[in-house]
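Asker: Have a look at the structure that comes next, please.
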Number of protein chains: 2
Amino acid sequence: MIQGGYMGQILRVNLTTKQITKEETSDALVRNYLGGAGFGIKFLFDEVPQGADPLGAENKLIFAPGPFTGTKTPCASRMAITTKSPLTGAVGLSLTGGYFPVELKFAGYDALIIEGKAEKPVYIWIHDDKVSIRSAEGLWGTNTFDTQQLIKDELNDQNIRIACIGPAGENLSKIAAIINERRAAGRKGVGAVMGSKNLKAVAVRGSRQVPVYSDEAFKEARAVMLKAMKDSEVLYPAFSQMGTPMVVDAMWGLGIFPTNNFSATGEWDPVDSIGASVSATRKIGREHCYGCPVGCSQLKLARTAPYTGTLSEPEYETMYSFGGMTGVDNIDSIIYADRICDELGLDTISAGATIAFAMELYERGIITAKDTDGLNLNFGNHEAMNALLPRMVYREGFGAVLADGSRIAAERIGRGSAKYAMHVKGLELPGYDPRGAKAHGLSYATSYTGADHNRGYAFQEIFSVPIPYPVDRFATNGKGKLTKWNQDVRAATCDCPTMCAFLMDMAVPSIALENTANLLAAVSGVTLTPEEVQTVGERLNNLARVFNIREGLTKNDDYLPQRFLTEPLKEGSSKGSYIPQEEFEAMLAEYYAERDWSPEGVPSREKLASLGLDNAVATLEKMGLL
Amino acid sequence: MIQGGYMGQILRVNLTTKQITKEETSDALVRNYLGGAGFGIKFLFDEVPQGADPLGAENKLIFAPGPFTGTKTPCASRMAITTKSPLTGAVGLSLTGGYFPVELKFAGYDALIIEGKAEKPVYIWIHDDKVSIRSAEGLWGTNTFDTQQLIKDELNDQNIRIACIGPAGENLSKIAAIINERRAAGRKGVGAVMGSKNLKAVAVRGSRQVPVYSDEAFKEARAVMLKAMKDSEVLYPAFSQMGTPMVVDAMWGLGIFPTNNFSATGEWDPVDSIGASVSATRKIGREHCYGCPVGCSQLKLARTAPYTGTLSEPEYETMYSFGGMTGVDNIDSIIYADRICDELGLDTISAGATIAFAMELYERGIITAKDTDGLNLNFGNHEAMNALLPRMVYREGFGAVLADGSRIAAERIGRGSAKYAMHVKGLELPGYDPRGAKAHGLSYATSYTGADHNRGYAFQEIFSVPIPYPVDRFATNGKGKLTKWNQDVRAATCDCPTMCAFLMDMAVPSIALENTANLLAAVSGVTLTPEEVQTVGERLNNLARVFNIREGLTKNDDYLPQRFLTEPLKEGSSKGSYIPQEEFEAMLAEYYAERDWSPEGVPSREKLASLGLDNAVATLEKMGLL
């Protein structure tokens, strides 16, 4: 029985009927899904009808923090946002940290389920028990920073926390983000879903404390976790002081920092222009999410014209997407692009990668200045890159072609351009060339959200961490098993609880499952063994898989862009490496087998039953797949 | 004796010695100067040595709210910022409203005097009695909106109020502003003084209440004021719903809306492009200063590319400076320019007027694209206008030429350009062509701050209000007397107490003196007759005059740009009108005589003595002027 951590209530707001209801957070939900992505995907599976238009009233948007969020657990400030993705048609999951998720707990809720579609722009105002739907007609069109300030001013409370969309979400860009404070739930077009519901923002102010079941046990579990963090060789001082941008140098060192839309990985050295030491020259401070001792988010200030004075916090993935991918070596232009994306509410990875895609087409002559409204889209043209961003958001000229990511852009452009669109399931790739880190490739191919670095990040290949066992990053053998482990453990210890992924990658992978179990017992009184925690992750991956199958995805969607299967890396530390078709197929087969999925990637009846997923069994039965 | 309204303490922070001291707010100071500009100019006169470099450590920066600030007096949210202006070399006075001034009172202070110069960037943090000087090295270079958020985050209190400078102030632009919330103390380069002291911001949080001497008397005085406001024909609903931008139409109607650097007043109709009805299409809301029932500040959102989504609150003066003056008829570009100025901390009037000056030079061929780094500076080119703003702030290329306002730009350019620089004492003109409103001309010429609409605004010429008596806007006779009245009453009822100027202009001019006296008695127990209140204004104008004389200004600085004396208006409702030299001289002579100043503009010993300004007498004696 739940005795802490959880607030006991799930808030449901229907924007069509204006009904606001509250329901109990059930024990079964907690034991099987923990919170966060677990809650989100469970509700999504159960409540969003098959074939629902992601941008229609039937789709739902679920905000769910975890049991530790708002307690003194370090690095647990986060929440999962779950929806059917308009970008992929699959499960759309995006997490964010900062302060909004904590405030939602303080207001008394373990999740917020947003349903239906408002007639006119609105925002939801949650003040403890009082929940209302307010007009956002005046806010429509404002950028995310202004929106947050305007709502605080309107409600006359500067301590309100707000998650909102910018013009990108309003204009239904399928790569639109949701922004809270300076943080982004960036990927899979969650912002477009919010926009499709005419929902500009959710504002929250809470005054409750998150109860803790056993103060003593919590103190102990927390101390173990803090010690593991302190003992980490990466977390302090390096990661705390440099944050994710330090990964640029590391990935260059491994020969897998993608450049020029993955066409020149290993050939173009970014270290001297946008590497860690250059990033350091732009640093003016750092930001901590609630309760985080690390504070990895690095505030950067652009120092050269025409970007001088622009403030943002570009993460590694943004250095990759607006730097390496576009061939841009001007760090200040990346800081600027990051800021524009945050203000307009656009995912930096997908936006940069989509522009990089257009740049490759331009370089190859597949498109010309006639297509681009005169913009010279050669790799490296940061002015063109930044000029494109608002045009994408406002769907102006060539910007409209790129507005919904690379897959749809390729469809709009035609002319054989699709092979240069670097995505899986429509989701643009993150910044690790899988040719030199092959578990990454398998993870991109099989993640239920598309090419995602956050659903099963193979940190073993990046940091040489031998957990659960040592791996060779160029090998494909054994990567199926590894990927299952990574996906399940990541889901169980990060996406559901909801804990920061960097902990898993850099601090406590060896104790991640135990740590989660101990904290859960201490905070909520719910006792799961570490194995049972891992099973939560497996359950989630299977449920998400069946959701995707139900929505029409098949084995054919577990692919990698052809480039990785046919073009060996030409230079750098991973020179010569690629993933031949047969190697990819072998990895995929191993993965399916490890998961107890059919050769076509369909979960077995036994596996689903063992995970208690009777609904999923019924779904596959109905589809004639079991 | 003071028994309310005032907090009793003046805070003094020396950035050189790091000394923080507090002194009593004396009865004499209150009775003679009330607060705000009164306090500021008194301290400036007494404490800043003759010949002090405005951007040197000897200059001081004085923030002073008034006795009603923080009480329930409507429209009293304001404070005066006083310094020796780097733009004019004269008294620099700029007022701002919003919430910062109130918070300074809540913290317990009637004024903040900033002295000296920090070695490295700092900000001052005032938390009730606790006052500290903190490093702002990380904040240096950030824009004013980011600065405010970063300080709130650093101090972990979202309710802090902050006044700060942007890059313009840091870079010592002589037209740099100080920004608090979305409000600006824009004029006379007060931001550069702050920058010269390496002072990025002042952050305040207060928890005290402002005491009121007699609740009953206050209730009564307040009711009288609120009724006068309610009875105003202009204040509600028009001004409340449209704010100052509605003045565009009115000024066009009077034929005095300046266009193309005053070279085409009356010739270019702005109503259909940037007039009130167009402004209304961009309105998304309005903002209230603390305790203000009017809320005249209109939030505007740009709706067309490339400005789409930009939020700001352009006032009439900004519509004039970035609209009429530059010949720009694109309202969204004005909203954008306003935002950029607020973010970078630049005065919109001076910035727009300085660009307009450059445009006239360009049109006349005095400068060419070779001078402007290729920018086409024809009137109406809003893209060039907006491109110039950051270049001015960062002193890049031709931007460096314009960075310090039109007078210095003319010196830098030479080539006979000075005659097109529309300023008095270095301060760019506001948006009323004095050829069709001649008291405005006299006020511009004689205001101790330069061409300022806020030191003696002749509302009688604009709104046809017959207070203190009816006037003909084209006449010059009687304007000396009117200007003295306007300057003294404005100082006494707005700048010192510190009340919103719009009250005087549009709501309560007939009862302004009485209203001030009544509120003062009720709030603080200090009893002054309405005549004595007016004398406070006269005292201030005389003290400021002697300060300016001491700093080297003479009758020769009481001028108007030659254009107004030689070029009749060619079109519009004021067609044919101008101010011939002899008319101007007659107005000036009448003004000096009304003030009991010599024909050279030097206050008489008797006048100064009658105002209790013995220091001023001593100053003039020492200079051999008495």
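The values are calculated or read from the model by the stated rules, or taken from the named source; none is laboratory data. Bear in mind the structure is a predicted one, so any value in this text is a computation, not a measurement. All Cβ positions, even for glycine, are placed from backbone atoms using ideal geometry, and neighbour counts span all protein chains on display. Quick note on the areas: whole protein, heavy atoms, side chains included, nothing else; ligands and nucleic acids left out. Shrake-Rupley method; radii C 1.70, N 1.55, O 1.52, S 1.80 Å.
Asker: Answer rounded, prolate or oblate for the stretch B:516-623, using the Cα gyration tensor with square roots of eigenvalues a ≥ b ≥ c: rounded when a/c is under 1.5, else prolate when a/b is larger than b/c, else oblate.
Answerer: oblate
Asker: Now a separate question. Would you work out which of B:564, B:240, B:587 lies farthest towards the positive end of the dipole of chain B, given +1 charges on the beta-carbon of Lys and Arg and -1 on that of Asp and Glu, about the Cα centre?
Answerer: Farthest towards the positive pole: B:240.
Asker: Quick one: how many lysine pairs in the stretch A:143-286 have C-alpha atoms under 27 angstrom apart, if they're 8 or more apart or on different chains?
Answerer: For the stretch A:143-286, qualifying lysine pairs total 10.
Asker: Run a plain Debye calculation on the protein assembly as shown (Cα atoms as equal point scatterers, no solvent) and give log10 I(q)/I(0) at q = 0.04, 0.05, 0.06, 0.09 Å⁻¹, rounded to two decimals, same order as the q list.
Answerer: Rounded to two decimals, the profile gives -0.25, -0.38, -0.54, -1.08.
Asker: Look at the axis of the rotation that sends chain B onto chain A, then give the chain B residue with the nearest Cβ and the distance in whole Å.
Answerer: Axis relating chain B to chain A; nearest Cβ residue and distance: B:158, 2.
Asker: Right, another one. Suppose the chain between residue B:159 and residue B:474 were pulled fully straight at 0.36 nm per residue; how much longer would it get relative to their current alpha carbon spacing?
Answerer: Extending this stretch completely gives an extra 108.5 nm.
Asker: Chains B and A: how much accessible area gets covered up at their contact, both sides added, probe 1.4 Å, in Å² to the nearest hundred?
Answerer: The summed interface area works out to 2000 Å².
Asker: Give me the dipole magnitude in Debye, nearest 20, for the stretch B:9-205 about the Cα centre, with unit charges on the beta carbon: positive for Lys and Arg, negative for Asp and Glu.
Answerer: 400 debye
Asker: For residue B:55, list long-range residues whose amide hydrogen, built 1.01 Å from N in the peptide plane, is under 5 Å from its own amide hydrogen.
Answerer: For residue B:55, no residues qualify.
Asker: Residue A:26 label points, 7 Å along Cα→Cβ, one per copy: pairwise distances from this copy to the rest in nm, shortest first?
Answerer: Distances between equivalent label points, in nm: 7.8.
Asker: Between the chain alone and the structure with every protein chain in place, find the residues of the stretch B:145-161 that drop at least 40 Å² of accessible area; heavy atoms, 1.4 Å probe.
Answerer: Residues passing the criterion (a loss of at least 40 Å², heavy atoms only) are B:146, B:150, B:158, B:159.
Asker: Could you give me the percent of Cα pairs per 10 Å distance bin for the stretch B:247-425, shortest bin first, beginning at zero and ending with the bin that holds the maximum distance?
Answerer: Here the calculated profile for the stretch B:247-425 is 11, 39, 35, 14, 2, 0.
Asker: Would you tell me the mean number of C-beta atoms belonging to other protein chains that fall within 10 Å of each C-beta in B:305-311, as a whole number?
Answerer: 6
Asker: Between the alpha-carbon centers of the stretch A:321-349 and the stretch B:11-56, tell me the distance in whole angstrom.
Answerer: Answer, in whole Å: 47.
Asker: Between copies, how close do the residue B:304 label points come, placed 7 Å along Cα→Cβ, listed in nm from shortest?
Answerer: 3.5
Asker: Using DSSP, restrict attention to beta bridges with both residues in the protein assembly as shown and report what percent are antiparallel, rounded to the nearest 5.
Answerer: Bridges in the protein assembly as shown that DSSP calls antiparallel: roughly 80 percent.
Asker: Quick check for me: using +1 on Lys/Arg Cβ and -1 on Asp/Glu Cβ, what's the dipole size of chain B about its Cα centre, in debye to the nearest 20?
Answerer: 660 debye
Asker: Moving on to the next point. Given the DSSP H assignment, sum -39500 (n - 2.57) over each helix run of at least 4 residues in the protein assembly as shown and divide by its residue total; what's the result at 222 nm in deg cm²/dmol, nearest 500?
Answerer: -11000 deg cm²/dmol
Asker: What are the radius of gyration and Dmax of the stretch A:9-205, computed over its Cα atoms and given in Å?
Answerer: When restricted to Cα atoms, the stretch A:9-205 yields Rg and Dmax of 14.9, 43 Å.
Asker: Further, regarding this structure: Residue A:215 accessible area, nearest 10 Å², 1.4 Å probe?
Answerer: 110 Å²
Asker: Now for a different question. Skip the ligands, DNA and RNA, and give the accessible area per residue of the stretch B:247-425 with a 1.4 Å probe, whole Å².
Answerer: The answer is 29 Å² per residue.
Asker: Here's something else I'd like to know. Please list, in order along the stretch A:93-100, the HN-Hα scalar couplings obtained from phi with the Karplus expression 6.51 cos²θ - 1.76 cosθ + 1.60 (θ = phi - 60°), rounded to whole Hz, x for Gly and Pro.
Answerer: Rounded to whole hertz, the list is 10, 9, 10, 9, x, x, 10, 4.
Asker: In terms of modelled amide H atoms, which long-range or inter-chain residues lie less than 5 Å from the amide H of residue B:84?
Answerer: Here the answer is B:60, B:92, since their amide H atoms fall under 5 Å of that of residue B:84.
Asker: For the stretch B:422-561, what Kirkwood radius comes out of the mean inverse Cα-Cα distance, in Å?
Answerer: Computed over the stretch B:422-561, the radius equals 15.3 Å.
Asker: Name the shape class, rounded, prolate or oblate, that the alpha-carbon gyration tensor gives for the stretch B:342-488, where a ≥ b ≥ c are the square roots of its eigenvalues, rounded holds for a/c under 1.5, and otherwise prolate holds if a/b is larger than b/c and oblate otherwise.
Answerer: Prolate is the answer for the stretch B:342-488, as a/c is 1.5 or above and a/b outweighs b/c.
Asker: Here's a follow-up. Counting only Cα atoms, I'd like the Rg/Rh figure for chain A, Kirkwood definition for Rh.
Answerer: Result: Rg/Rh = 0.94.
Asker: Let's test the formula: R0 of 30 Å, r as the Cβ-Cβ distance of residue A:383 and residue A:280. What FRET efficiency results, to the nearest 0.05?
Answerer: 0.75
Asker: Write down the accessible area per residue of the stretch B:9-205 in Å², having rolled a 1.4 Å probe over the full set of protein chains.
Answerer: Result: 25 Å² per residue.
Asker: Separate question: Can you give me the C-alpha center-to-center distance between the stretch B:160-196 and the stretch A:225-282, rounded to a whole angstrom?
Answerer: 37 Å
Asker: Report, in debye and to the nearest 20, how large the dipole of the stretch B:247-425 comes out about its Cα centre when Lys and Arg carry +1 and Asp and Glu carry -1 on their Cβ.
Answerer: 280 debye
Asker: May I ask you to give the percent of accessible area on the stretch A:247-425 that is carbon plus sulfur, with a probe radius of 1.4 Å?
Answerer: Reported share for carbon and sulfur atoms: 50 percent.
Asker: Roughly how many Å is it from the Cα centre of the stretch A:517-577 to that of the stretch B:413-444, as a whole number?
Answerer: If we compute the Cα centre of each part, the gap is 70 Å.
Asker: A further question follows. Provide the net charge surrounding residue A:198, with neighbours chosen by a C-beta distance below 14 Å and charges set as Lys +1, Arg +1, Asp -1, Glu -1.
Answerer: +2
Asker: Would you list the P(r) distribution for the stretch A:105-173, with all Cα-Cα distances sorted into 10 Å bins from 0 and each bin expressed as a whole %?
Answerer: 17, 52, 29, 1
Asker: Between copies, how far apart are the residue B:387 label points? List them in nm, one decimal, shortest first, with each point 7 Å from Cα toward Cβ, please?
Answerer: 1.1
Asker: Also, quick follow-up: Answer with one residue from B:151, B:268, B:443: the one whose Cα lies farthest towards the positive end of the charge dipole of chain B, charges on Cβ with Lys, Arg +1 and Asp, Glu -1.
Answerer: B:151
Asker: Follow-up question, since we're still on this one. How about the stretch A:522-626: which GluC sites (Glu not before Pro) there are in a DSSP loop, with at most 10 other Cβ atoms within 10 Å of their Cβ?
Answerer: Those that pass, being in a loop and sparsely packed, number zero.
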